[in-house]
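J.: The structure's right below; bear with me while I get my questions together.
No value in this document is a laboratory result; all are computed from the given coordinates. Just so we're clear, the structure is a prediction, and the values are computed from it rather than from any experiment. Cβ placement follows ideal geometry from the backbone for every residue including glycine, while neighbour counts extend to all protein chains displayed.
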Amino acid sequence: MFIINCPYCGKRDQVEFSCGGEAHIERPKQPTELSDDQWAEYLFMRKNIKGVQFERWNHTHGCRKWFNMVRDTSNDKIHATYKMGEKPPIK
Amino acid sequence: MSNELRINKNNFIDQTVRISFKFNGKKLFGFKGDTLASALLANDIHLVGRSFKYHRPRGIMTCGSEEPNAIVQIGSDPASTEPNVRATEIELYEGLEAFSQNCWPSVNFDVGGINNLLSPILPAGFYYKTFMWPASFWEKYEFFIRYSAGLGKSPTKADDDLYDHQYAHCDALVIGGGISGVISAKLAAEKGLDTILIDDKNFLGGSTIYQDEESFKINNANSNQWLAREIESLKSYKNLVIKSRTSLAAFHGYNYLLAREALTDHLSVHERKNKIRQRLWKIRAQKVIIASGSIERPLIFNNNDRPGIILSSSIKKYIDYFGVKTGNNISLFTNNDSAYETAISLSKSGVNVNVIIDIRENSDSNIVKEAQKLGIKILWGHTIVETNGYKRIKSFEAMKLSSDGGNIVGNKIKFNSDCIGISGGWTPMVHLYTQSGGKLQFKSNDNIFIPDETKTPSEQISVGSCNGDFELDDVVNNTIYNVKKFISLDKSSYDKINVNCSKESSKKNIWLLPSDKPLHKTKPFLDFQNDSTAKDVKLALREGFKSIEHVKRYTTTGMGTDQGKLSNMHALGIIADTTGTNMGELGTTTFRPPYTPLTFGTIVGRNVGKFFDHTRKTAIHNWHVDNKAEFENVGQWKRPWYFPKNGETMHEAVQRESKAARESAGILDASTLGKIDIQGSDASEFLNRVYTNAWSKLAIGKCRYGLMLNEDGMVYDDGVTTRLAENHYIMTTTTGGAANVLSKLEDYLQTEWPELDVYLTTVTDQYSTISICGPNSKNIIKKIIPDLNLSDENFPHMSFKDSKIDGVDCRIMRISFTGEHSYEINIQSNYANDVWKACMDAGKEFNITPYGTETMHLLRAEKGFIITGQDTDGTLTPSDLQMDWIISKKKYDFIGKRSLYRSDTIREDRKQLVGLLTDDPKEVLEEGAQLVEDINKEPVEMLGHVTSSYYSPNLNKSIALAIVKSGKKMKGKKLIVPMEEKNINVTITDTVFYDKENKRLNA
Amino acid sequence: MKNKYSIFSLIKNALSGHENWQRAWRDPEPKKEYDAIIVGGGGHGLATAYYLAKKHNMTNIAVVEKGWIGGGNTGRNTTIIRSNYLWDASAALYDHALKIWEGLSQELNYNVMFSQRGVMNLAHNLQDVRDLKRRTHANRLNGIDAVWLNTEEVKKFCPIINTSSNIRYPVLGGTLQKRAGTARHDAVAWGYARGADAMGVDIIQNCEVKGIKRIGDKVEGIETTKGFIKSKKIGVVAAGHSSVLANMAGIRLPLESKPLQALVSEPVKPIIDTVVMSNAVHAYVSQSDKGELVIGAGTDDYVSYTQKGSHNIAEGTLKAILELYPIFSRMKMLRQWGGIVDICPDASPILSKTQVKGLYFNCGWGTGGFKATPGSGDLFAHTIANDEPHKLNAAFNLNRFVSGDLVDEHGAAAVAH
């Protein structure tokens, strides 16, 4: 049960949040220009990293804001959280 | 009560309060403060249960949560009986009834004992090697296996007890109330931290609190006296909370811990009434100090499992704490100094200590000398090779160990004894530490695994014997030093502490003690509950099971209700010895939560029965109840399903409701549909992107139906959205989809299109919706809102008007899900019930008929309108639903658009929505039934299935919707619905069955 | 041939104090090159090796396992076996497996304790009823035994279920597949390992793959903690770690690896004699031969390789258990654990070739792979041996995520256990 630092509300219990999967996958601006393969890449293919991963979280039972998180999936350690649109604080 | 087994001790139990209890039906007595185990021992009862596999007689072996044998069924009431309770943990209460488990007909004579004779052919994993012939017999074999396995019996009636949850947040959590825990808690309290100290017993102090020895002094007082004063001093700290009878169950990441507080299990049955039985504490601690102590190890020798063979430290606790002699002629068998403390305690209490068998060559520590001074006989360098006594130990035989310890030499010496105390050293309780993610290191001089400081998660520390400190001075001094550092405390009241204690001077460890018989003729038990022996471990290794996890699973060592607390280290040691591996490299098995078994009811707390899930009710709910509605669960909502009158069946009610709605007027509570208020200068653009059709040109005051797709092109939700103003819409969603749709829309807004000026607010609960349909709907609205111009010119289909009912603002929409002329009244929910009643009154002369979801489904099916989730299943595109018209060709993009042009989604032979008519118009198809063209084809090809099916009273025939492969092209085609009992012939039709010209909308 | 297991061999060995049992499998060092390598020594991987040797005469092969065989999801699941899936392709795949299960103990000469005590799926709302009936009709026509039970019949088959109409989500009926049931999970891995080893397959434990070597679009071998091992055919059966291995080969998969939890109670005498699953009230339970209630919980919604899930998931599961079985309130949780499950967007597996020649993936089984073990191994062996899928796994290719031809098992079951 993580403690998650919502960039808008501060530290809260994990039960208030939900995870929206891998972050920084931008929805293609011109989907019609894409091949089926390219579209499938956007739709379904995921890095699913074991290690430090960037992912989207939503403060579902709080401010309902989406934000990004840097988390190590091999030990569940959260390195940082940051607002949508901001650059990741860690590379 | 057998008084000769009690000595007068009143420090911890109250021998003035007698408590009666029953064991296996026999009435017995104990004292307040006894455990069931201590009371049984005081009554000279050792034989408590039978083992899992061989049904060997087993007795009380320990005094704590590691007890593998003395496991009983508590109570006989089918609702409150509890299986597998450790006699060593349950506090005696008036009226306690306990029964032996896993024996029939009784613990004294158990038919299952035959397994002990068969044991030569029942080695580890025997069941993998047999019961395979004949194949069909496995079920019969298994029946017997299942009945002979299991321990106690499950309750058979619902539990009446209450359980509770509570959150706790603290600066420091100290786990364990032994000497290191008490010191830690005091240090944390001195620092000013909000501290919680939890301990699973009813009395703090661990084993030091009854360590009344000259050899163990703190600040010149006996250690027990010093500790008693320290415990007393804790009471003065307002920032320290002590939770007794509270057992730490799990230590999760981020210092999230679960602890179970037992609130009533020690009370007499009548005192428990209306009290919460157990409470689960969910604790977030800034810092955690683990002081969980250690447990004594048994020794592994031939027939080491007989009733009367008890851990040496437990014998000490029984005599020093409970005042109970576990025998009258006790022998001790040890590889370390701690058994000598037991010997001294027994001797001082007047119990004859027959002999101490010590596998070491000698020891000259103070405690050994003290024992020698008392005249206790010690047999150095010996081991026990055999024990005798089926239901209670009677005698044993000892022999001298060879110099390398691997064999025995010399002659057998026989001793009579009614109890043997065994001590194989100590195992630190690192379970919680590893649960939290900590890694262990092996300390070879003590043969223990202890926390590796360099691999410990932050904000926690282990102190005392769970950290590998076994000598009193190390425990005290290291705890003080490490805790001060951990909590950044400079000065403390312990800074001038002075500890004097006996130090162990000689160590020796043999994991599997030799016998004069070959190994396969002996029974050296490792896991007493599961009956796995050292032989089993060696067999597993011979067969190639090398990993500790393989050995554990193959032999079931460590998989009993004690989770290997007593057996794991020996299993590891024997593997290491046999394979010539270093124990540190072998590693341990994973310690899994909970630390001790945790009651389901406690984990669930209050969230049972009516608190299982929220129930959402509309503002008109009570009216529906008063009018005898049957309800349907839709998500968390309760929706009226139908309104039976005068004993009608559901079919009869639905037929009546459906007819009334089309012939005159029907009224539906549609409040559960999701309502999302959408505002902002980009609201139209936003709708363009989330729906498949175009929205920019929708006139203010008009409504439009929309389909929403997933990004993979499949229909996700639908509903009518109304433009209230230039930059203001209200969207309706399905009842079940409301929350998900809102989340999805917010997701897109915040993450993909942050540039859009759009705000979303859910108003589902704020507004209620009353839908009135039928040819007389107009007349009814006219009566309620006389000044509203209801002409088709002023108020056409798919538009809305702001209005007032009795001065209350409302929105009236002319939209229809039935195909009839319809109005929807949207009004603040607190007025809804009154407005509903007003509609009923106004409609009385028109026979206004309330209808539920079933009639709603029927009416819309007559019109071929889909219900997402019923007619769709997440695999259908708008085109599959024959709704190509709703896909805007002009829009560059919308959610899911790209997916509609993939090679599979453009196939023409996809499954598509069609109508079905049965050849026999009275035959109503079953929803979910499959459709085939050629019933004789092997394998039969299924073309699709029936999604909606009803008997239409308005058409006087059965109608259905279905999805069928290439359905669009199949109009007029005959198909078969193969049911178990018969085949039903159907014809594919258009999806609209009723009023194809939509004349009734304006009727 | 290894010595055959039977009651007679047990008696014979008892006479010699069980000193003469042979090893169930060898513990070889890897050779320099194999005709095929299976990465992952779980049930699916070992079964793949077994069938490659048995049906395709490929005996110069190895299974490499980074830990101990059967230590991943094979040894962590709730052992439910059934084939009553919705879509034809799924039903055919799982029923192929079920048919092998029915003779597996005899085939392997290893008792995997396949126990056909039936699996019941409960319906709690009207849409559940429609969905489950749809599945039952499809199953029947696909030759899979499945029947619909009304509430009374549910109660009769499993009397301890609370079928009262007063509970929050009453039981409205259910389906029953009698051929379905459970098996002893460890035995499946061990039985296949013993069988494969007897045909010459090298089972190499404590051997972690560190890299997959490619030359152009062809696979060349694997870098391991025991050195480089060459092979032109590599089948990856690594469950939760599939993406990690795919990454080594430079390809991406449509997977997310999430924690899935399970728990067992203390053992009690027989109280529930079937497997009961409920999707709407998320709980499923059976009782092992040892007497423990075996209970499956749900997945968390985030990726994690820690084999640990959140407490609230386990709590929610037990809440559902007590809703349906209030008699279990005083039962005690003995052990709780987690696994890492690799989930596909359509909740169906991948048994497929990849764009890299000679590299095959068997993954995406999500929360329900155990039941498929024998079928999965058989079909994956076919795919590797022939470099073409068998018709039963053709639908489970990787290209479906491009074409859109998904096998969407979400439709009928929110959770496809």
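J.: Taking 51 Å as R0, compute the FRET efficiency from the Cβ-Cβ separation of B:Lys394 and B:Val269 and round it to 0.05.
T.: Efficiency computed from Cβ-Cβ geometry: 0.85.
J.: At what distance in nm do the modelled label points of B:Asn239 and B:Lys804 sit from each other, each positioned 7 Å from its Cα along Cα→Cβ?
T.: If labels sit at B:Asn239 and B:Lys804, their model points lie 6.2 nm apart.
J.: Among the chymotrypsin sites (Phe, Trp or Tyr not before Pro) within the stretch B:899-1003, which fall in a DSSP loop and have no more than 13 other Cβ atoms within 10 Å of their own Cβ?
T.: Taking the stretch B:899-1003 and a limit of 13 other Cβ atoms within 10 Å, no loop chymotrypsin sites (Phe, Trp or Tyr not before Pro) are found.
J.: With no other cysteine's Cβ closer than 4.7 Å, which Cys residues of chain A count as lacking a disulfide-compatible partner?
T.: A:Cys19, A:Cys63
J.: Also: Mind checking the angle between helix B:472-486 and chain B's longest principal axis? C-alpha axes, 0 to 90 degrees, to the nearest 10.
T.: 30 degrees
J.: Also: How many angstrom lie between the C-alpha centres of the stretch C:286-338 and the stretch B:663-704?
T.: Measuring centre to centre over Cα atoms gives 42 Å.
J.: What are the membrane-span-like helices in chain C by this rule: whole DSSP H runs, Cα extent along the axis at least 15 Å, mean Kyte-Doolittle hydropathy at least -0.5?
T.: C:43-56, C:88-108, C:185-198, C:311-324, C:373-386
J.: Could you size up the charge dipole of the protein assembly as shown around its Cα centre, putting +1 on the beta carbon of Lys and Arg and -1 on that of Asp and Glu, and report it in debye to the nearest 20?
T.: Roughly 1900 debye for the protein assembly as shown.
J.: Please report the Cα spread of the stretch B:14-130 along all three principal axes, rounded to whole Å, starting with the longest.
T.: Largest first, the stretch B:14-130 extends 57, 29, 22 Å along its Cα principal axes.
J.: List the GluC sites (Glu not before Pro) within the stretch B:198-242 that DSSP assigns to loop and that have no more than 15 neighbouring Cβ atoms inside 10 Å.
T.: B:Glu214
J.: At B:Val992 and C:Glu33, where each label point lies 7 Å from the Cα along Cα→Cβ, what is the point-to-point distance in nanometres?
T.: Here the modelled spin labels are 7.1 nm apart.
J.: What are the equivalent ellipsoid semi-axes of the protein assembly as shown, built from the alpha-carbon gyration tensor (square roots of five times its eigenvalues), in whole angstrom, biggest first?
T.: Equivalent-ellipsoid dimensions as semi-axes: 63, 37, 31 Å.
J.: Among the lysines, which have Cα under 17 Å from the Cα of A:Lys83 when same-chain residues fewer than 8 positions away are ignored?
T.: A:Lys11, A:Lys65, A:Lys91
J.: Based on alpha-carbon centroids, what's the gap between the stretch B:775-820 and the stretch C:230-281 in Å, whole number please?
T.: Taking the Cα centre of each part, the stretch B:775-820 and the stretch C:230-281 sit 56 Å apart.
J.: Semi-axes of the equivalent ellipsoid of the stretch B:530-595: what are they in whole Å, largest first, if each equals the square root of 5 times a C-alpha gyration tensor eigenvalue?
T.: Taking √(5λ) for each eigenvalue gives 18, 13, 10 Å, largest first.
J.: Now for a different question. Taking loop as defined by DSSP and a crowding limit of 11 other beta carbons within 10 Å, which trypsin sites (Lys or Arg not before Pro) in the stretch A:27-86 fit?
T.: A:Lys29
J.: Loop sites only, by DSSP: take the trypsin sites (Lys or Arg not before Pro) in chain B that have at most 10 other C-beta atoms within 10 Å and name the longest stretch containing none of them.
T.: Counting only loop sites that pass the neighbour cut-off, the longest clear stretch is B:1-234.
J.: Over all distinct alpha-carbon pairs, what is the Kirkwood Rh of the stretch B:717-791 in angstrom?
T.: Taking every pair of different Cα atoms in the stretch B:717-791, averaging 1/r and inverting gives 15.3 Å.
J.: Mind listing the phi-derived Karplus ³J(HN,Hα) values for the stretch A:14-28, rounded to whole Hz, using 6.51, -1.76 and 1.60 with θ = phi - 60°, and x for any glycine or proline?
T.: 3, 4, 7, 10, 9, 9, x, x, 4, 9, 6, 9, 7, 5, x
J.: Oh, and also: As a test of understanding, state the convex hull volume per residue of the stretch B:907-1002 from its alpha carbons, in Å³.
T.: 105 Å³
J.: Karplus couplings for the stretch B:314-330 from phi (6.51 cos²θ - 1.76 cosθ + 1.60, θ = phi - 60°), rounded to Hz, Gly and Pro as x?
T.: Calculated HN-Hα couplings, in order: 6, 4, 5, 5, 4, 7, 7, 9, 9, x, 10, 7, 7, x, 9, 9, 9 Hz.
J.: Let me ask something else about it. Using a cut-off of 19 Å between alpha-carbon atoms, which lysines can reach C:Lys210, once sequence neighbours fewer than 8 places away in the same chain are excluded?
T.: Counting by Cα, and skipping residues close in sequence, C:Lys210 has these lysines nearby: A:Lys47, A:Lys50, C:Lys31, C:Lys32, C:Lys66, C:Lys218, C:Lys226, C:Lys230, C:Lys232, C:Lys233.
J.: Oh, and also: Mind telling me which of C:Ala198, C:Ala381, C:Ala14 comes out most flexible in a GNM of chain C, alpha-carbon contacts under 10 Å?
T.: Ranking C:Ala198, C:Ala381, C:Ala14 by mean-square fluctuation puts C:Ala14 first.
J.: Here's another thing I want to ask about it. Based on Cβ point charges of +1 for Lys and Arg and -1 for Asp and Glu, what charge dipole magnitude is obtained for the stretch B:907-1002 about its Cα centre, in debye rounded to the nearest 20?
T.: My answer is approximately 540 debye.
J.: As a footprinting exposure proxy, order B:Trp380, B:Trp641, C:Trp190 by other Cβ within 10 Å, with the fewest listed first.
T.: With the fewest neighbours first, B:Trp380, B:Trp641, C:Trp190 line up as B:Trp380, B:Trp641, C:Trp190.
J.: I've got another one for you. Grab the alpha carbons of chain C, take their convex hull, and tell me the volume per residue in Å³.
T.: Convex hull of Cα atoms, per residue: 140 Å³.
J.: Check which residues have an amide H placed less than 5 Å from B:Val763's amide H, if you skip close sequence neighbours.
T.: Here the answer is B:Lys675, B:Ile676, B:Asp677, since their amide H atoms fall under 5 Å of that of B:Val763.
J.: List the lysines whose Cα lies under 19 Å from the Cα of C:Lys155, skipping any in the same chain that are fewer than 8 positions away.
T.: Of all the lysines, those that pass the test against C:Lys155 - Cα under 19 Å, at least 8 places apart if same chain - are B:Lys157, C:Lys133, C:Lys178.
J.: If you don't mind, there's one more thing I want to ask. For B:Ile805, what residues show an amide H to amide H distance below 5 Å, using hydrogens built from the backbone and excluding near sequence neighbours?
T.: Hits under the 5 Å cutoff: B:Cys810.
J.: If you don't mind, there's one more thing I want to ask. Report Rg(Cα)/(2.2 N^0.38 Å) for chain B, keeping two decimals.
T.: 1.26
J.: Please work out how much length the chain gains when fully extended from B:Tyr141 to B:Gln286, using 0.36 nm per residue of separation minus the C-alpha to C-alpha distance, in nm with one decimal.
T.: The span from B:Tyr141 to B:Gln286 would gain 46.8 nm if fully extended.
J.: Can you work out the FRET efficiency for the pair B:Ser966 and B:Trp885, with r the C-beta to C-beta distance and R0 = 35 Å, to the nearest 0.05?
T.: 0.95
J.: May I ask you to sort B:Thr383, B:Thr195, B:Thr454 by Cβ crowding, counting other Cβ atoms within 10 Å and putting the fewest first?
T.: In increasing order of surrounding Cβ atoms, one gets B:Thr454, B:Thr383, B:Thr195.
J.: Which one of B:Ala87, B:Gly113, B:Phe99 is farthest out on the positive end of the charge dipole of the stretch B:14-130, using unit charges on Cβ (Lys, Arg +1; Asp, Glu -1) and the Cα centre as origin?
T.: Of B:Ala87, B:Gly113, B:Phe99, it is B:Gly113.
J.: Additional query: Please work out the C-alpha center-to-center distance from the stretch B:98-177 to the stretch B:463-482 and express it in whole Å.
T.: 38 Å
J.: Is there a pair in B:Lys140/C:Lys269; B:Lys911/C:Lys353; B:Lys275/C:Lys269 whose C-alpha atoms are over 19 Å apart, and which pairs would that be?
T.: Check vs 19 Å cut-off fails for B:Lys911/C:Lys353; B:Lys275/C:Lys269.
J.: Using 7 Å Cα-to-Cβ label points, what is the B:Asp757/A:Tyr42 separation (nm, one decimal)?
T.: The answer from the label model is 2.7 nm.
J.: Still on this structure, I have one more. Report the number of Lys pairs in the stretch B:14-130 whose alpha-carbons are under 28 Å apart, with separation of 8 or more residues or on distinct chains.
T.: The number of close lysine pairs in the stretch B:14-130 is 4.
J.: Please compute the average number of Cβ atoms from other chains found within 10 Å of each residue's Cβ in peptide B:864-870.
T.: If you average over the peptide's residues, the count of other-chain Cβ atoms is 1.
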